[in-house]
Amino acid sequence: AAFENWYTDHARNPYSATLFTKVGFSIFNTPLGALASNDGSFYKFVTWPEMPNLYPLGSVFVFLPFGLLLENGVVPAFVFKMEIVLFLVVSHVCMYFFLKRFWKKDISFVLKALGAYFLYVVLVVYSANGQFDSVAFLFSIVAVAMFLESRYDFFLLFATISATFKYQAGIFLLPLVLVGLLKLFHQFKPFDFFKNKIVLAALGLVIVDLFT
């Protein structure tokens, strides 16, 4: 069902998600092959059986509805196409927010056009291959927008949400996260910093991400 036949995330991740409902956080530290060998699910799909789940907790929430459909006998090709359609829709939402927020910037039109084209191609190709990078990217766009508006607590929250879907988002946003933390430390007294519910929510997600 994928655009290029060698991608299997759209088939593997739904099974990992349903496996999470049975064995919990073990999918993040136990080889999936070992877990699958003791699992009687109707739908089972494992690649790299010696590895645990490759993505953080957010992937479970993205793929669990599709995993439940597969577990209940819905035709796999249909479910995989549903996944891809969802990711393509999210990709276009990403492009809308990106263009709305950044197209007005005083930058060369050629550079903006090339950047938009490159981003569109990457997002669409990844989505068409069943990759859910567009979900993480959507929250990254919101995070950067919050950073540019100096709303650093919300920036941290959306940055950590993005990393909860894909670790790579946390790596790319790390320089801004460090700057955002410094800005927050200047805005708040030490104890007031930890009274901010938005910051506490972000810290909670960081702990979850480190565990998974």
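The values are calculated or read from the model by the stated rules, or taken from the named source; none is laboratory data. Everything quoted here is computed from the prediction, not taken from an experiment. FYI the Cβ positions are ideal-geometry reconstructions off the backbone, even for glycines, and counts take in every protein chain you see. Just so you know, the surface numbers come from the protein's heavy atoms only, side chains and all, with ligands and any DNA or RNA stripped out. Shrake-Rupley method; radii C 1.70, N 1.55, O 1.52, S 1.80 Å.
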Original post:
Just a yes or no: is a residue in region 91-107 within 27 Å of T160 (Cβ to Cβ) and of a type in the set (S, T, Y)?
Top reply: yes
**OP:** Could you list all residues from region 11-70 that are of a type in the set (S, T, Y) and surrounded by fewer than 21 Cβ atoms within 10 Å (Cβ to Cβ)?
**Re:** T21, S26, T30, S37, S41, Y43, T47
Subject >> Every residue from region 172-212 that is open to solvent by less than 40 Å² (accessible area, probe 1.4 Å) and outside any helix (DSSP H, G or I) >> reply: N196, T212
Original post:
When region 86-122 is examined, which residues are found to be under 18 Å from A136 (Cβ atoms) and of a type in the set (V, I, T)?
Top reply: V89, V90, V93, V121, V122
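Working only within region 83-106, note down all residues that are without any contact (Cβ under 8 Å) to a residue 40 or more places away in the chain, of a type in the set (A, V, I, L, M) and crowded, with 16+ Cβ neighbours inside 10 Å.
Keep residues of region 83-106 that are without any contact (Cβ under 8 Å) to a residue 40 or more places away in the chain, which gives 85-86, 89, 92, 95-96, 99-100, 102-106.
Still in the running and of a type in the set (A, V, I, L, M): 85-86, 89, 95, 99.
If the condition is that a residue be without any contact (Cβ under 8 Å) to a residue 40 or more places away in the chain, of a type in the set (A, V, I, L, M) and crowded, with 16+ Cβ neighbours inside 10 Å, then L86, M95 are the ones that fit.
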**OP:** Six or more apart or on different chains, Cβ under 7 Å: which pairs go from a residue in region 24-48 that's within 25 Å of A77 (Cβ to Cβ) to one that's open to solvent by 90 Å² or more (accessible area, probe 1.4 Å) and outside any loop (DSSP other than H, G, I, E, B)? Could you list them?
**Re:** D39/K22
Subject >> Exclusive hit being closer than 20 Å to F61 by Cα and outside any loop (DSSP other than H, G, I, E, B), set Y120, Y126, Y96 >> reply: Y126
Original post:
What number of residues in region 129-165 are touching a residue at least 60 places away in the same chain (Cβ under 8 Å), assigned to a helix (DSSP H, G or I) and either touching an Asp or Glu at 6+ places or on another chain (Cβ under 8 Å) or among the charged types (D, E, K, R) (or both)?
Top reply: 2
